[in-house]
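Here is the structure we will look at, set down as structure tokens.
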Protein chains: 2
Amino acid sequence: MTSIAENIPFYAFLDFEEKEKIEKSVQKISFSRSRIVNSDGNCTGFISLLSGQLKVYSLSPEGREITLFRFFPSSLCIFTATCLLKDIDFDVSIVAEEDSQCLLIPASVMDWIRRRNIKVSNYLGSVLSSHLSDLMWLIDQILNKRLDSRVAAYLEEEADLRGETVLRLTHEEIARHLGSRREVISRTLSYMEKEGLVRVRRGEVEIADSLRLGEMAKESVR
Amino acid sequence: MTSIAENIPFYAFLDFEEKEKIEKSVQKISFSRSRIVNSDGNCTGFISLLSGQLKVYSLSPEGREITLFRFFPSSLCIFTATCLLKDIDFDVSIVAEEDSQCLLIPASVMDWIRRRNIKVSNYLGSVLSSHLSDLMWLIDQILNKRLDSRVAAYLEEEADLRGETVLRLTHEEIARHLGSRREVISRTLSYMEKEGLVRVRRGEVEIADSLRLGEMAKESVR
């Protein structure tokens, strides 16, 4: 079962007994596009994504939706086992944004491993910390006039000016232009890349979807 | 040094060698009210609060501030050692909201312990998970018309109606009134209690600061 070894991000940290337990208990599951993977209250296990794309979002009573996290192949989605996470008692829903194939590691197995394997425990800490950082960024976005829109507007303007869709621009230059910091711009561009709006390469930003980039740019003035 | 044993939340998980290392390296530090404890870029260590109150906030380029977390005695503040946290590269600032006494556990010692002690590693995971949940709640607040204001408005109205400041009300009743869930209301009340607006007891909510409660209530209509 090489796919397990290759697709579970912490597999290399496991000892023989743990690997055996994982291989015996893991299930391969598929979700077709737009299917709900998990809504609040379920605690099935951690999901390692083989292909496709998952979105974790929260839905307000008024039906307003906000994307909290996106998961791509070879990342681990922990929000399908919130019973293992202290205090996470929120209504988050998870939907497959593309046809998705996943490995499901049962919550009980995950719990057993993290209590005996310190590398796995520290790995899960780093996953949580990284999500914490994502949410700090998101709060910043929500409160601070949506930097993503400002970046989109800037890229659109530059593309118009230069008559090109591949823009030679460093993150530092964009940051200077928008009165922001390089790290924040890098994070914003990485978000826009995940959304399929741009492709980011060293020293270059290519506009991948000018229509949606234009829509994003418009949001900055509201 | 009993104060160390009593005031470091994970002390009971430590072995002899780890306790010794903590006791040798920990420093007692004080911050007077309004003093900045840490601004971005510093990585001194984890802080265990003995007395007082710390606030972790993020500041926008326009100077807009948002409180992300508050720390009270016997809780552990990890944001003074963001070098130990994967991907936390944000500009968060920490200020003492009251005169505060703290124990500082150096980052290097903390790092050494979490790599060898699985209980500490899991404990830190639970701290991160709990913060993640706090931020999910905060995002919900920001986006969903500020439930705290709606709760404040409801409590104000009830106090006026009843002519009392101690209201016999369960969280379930408030939730029903506002079309929310009990868990969400409990969290909101706990936030309002930390802010000093109310005192929460079983089956009762007492209004502690009606002036500020009134201000919070007004924000719901904007």
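May I ask for the percentage of alpha-carbon pairs in the protein assembly as shown that lie more than 31 Å from each other?
On the way: 48962 of 98346 pairs.
Within the protein assembly as shown, distances greater than 31 Å cover 50 percent of Cα pairs.
Taking each residue in A:79-85, count the Cβ atoms of any other chain within 10 Å of its Cβ, then average. What number comes out?
Going residue by residue through A:79-85 and averaging, the value is 2.
Which three extents, in angstrom, do the Cα atoms of the range B:166-205 have along their principal axes, listed largest first?
Dimensions of the range B:166-205 along the principal axes of its Cα atoms: 25, 18, 13 Å.
Given charges of +1 on the Cβ of Lys and Arg and -1 on the Cβ of Asp and Glu, with all other atoms neutral, how large is the dipole of the protein assembly as shown about its Cα centre, in debye to the nearest 20?
Computed about the Cα centre, the dipole is about 580 debye.
Straight-line reach from B:LYS55: which lysines have Cα under 22 Å away, leaving out those fewer than 8 places along the same chain?
Once the sequence-local lysines are set aside, what remains near B:LYS55 is A:LYS86, B:LYS28, B:LYS86, B:LYS194.
From the gyration tensor of the Cα coordinates in the range A:136-222, what semi-axes in whole Å does the equivalent ellipsoid have, largest first, with each one equal to sqrt(5λ)?
Values: eigenvalues 66, 42, 29 Å².
Equivalent-ellipsoid dimensions as semi-axes: 18, 15, 12 Å.
Taking the Cα centre of chain A as the origin, how large is its charge dipole in debye, to the nearest 20, when only Lys and Arg (+1) and Asp and Glu (-1) carry charge on their Cβ atoms? Can you show the working numbers first?
Numbers: 30 positive and 34 negative charges, 74 e Å.
It comes to approximately 360 debye.
For the range B:141-205, which trypsin sites (Lys or Arg not before Pro) are in a loop by DSSP, counting at most 11 other Cβ atoms within 10 Å? Could you put the intermediate results ahead of the total?
Values: sites: B:LYS145, B:ARG146, B:ARG150, B:ARG162, B:ARG168, B:ARG176, B:ARG181, B:ARG182, B:ARG187, B:LYS194, B:ARG199, B:ARG201, B:ARG202; in loops: B:LYS145, B:ARG146, B:ARG181, B:ARG202.
Answer by residue number: B:ARG202.
Over the C-alpha atoms of the range B:2-131, what are the Rg and the largest Cα-to-Cα span, Dmax, in Å?
That works out to 14.4, 49 Å for Rg and Dmax.
Every number in this text was worked out from the coordinates using simple rules, so none of it is lab data. Bear in mind that the values here come from a model prediction, so they are computed numbers and not experimental data. Virtual Cβ from ideal backbone geometry, glycine too; neighbours counted across all protein chains shown.
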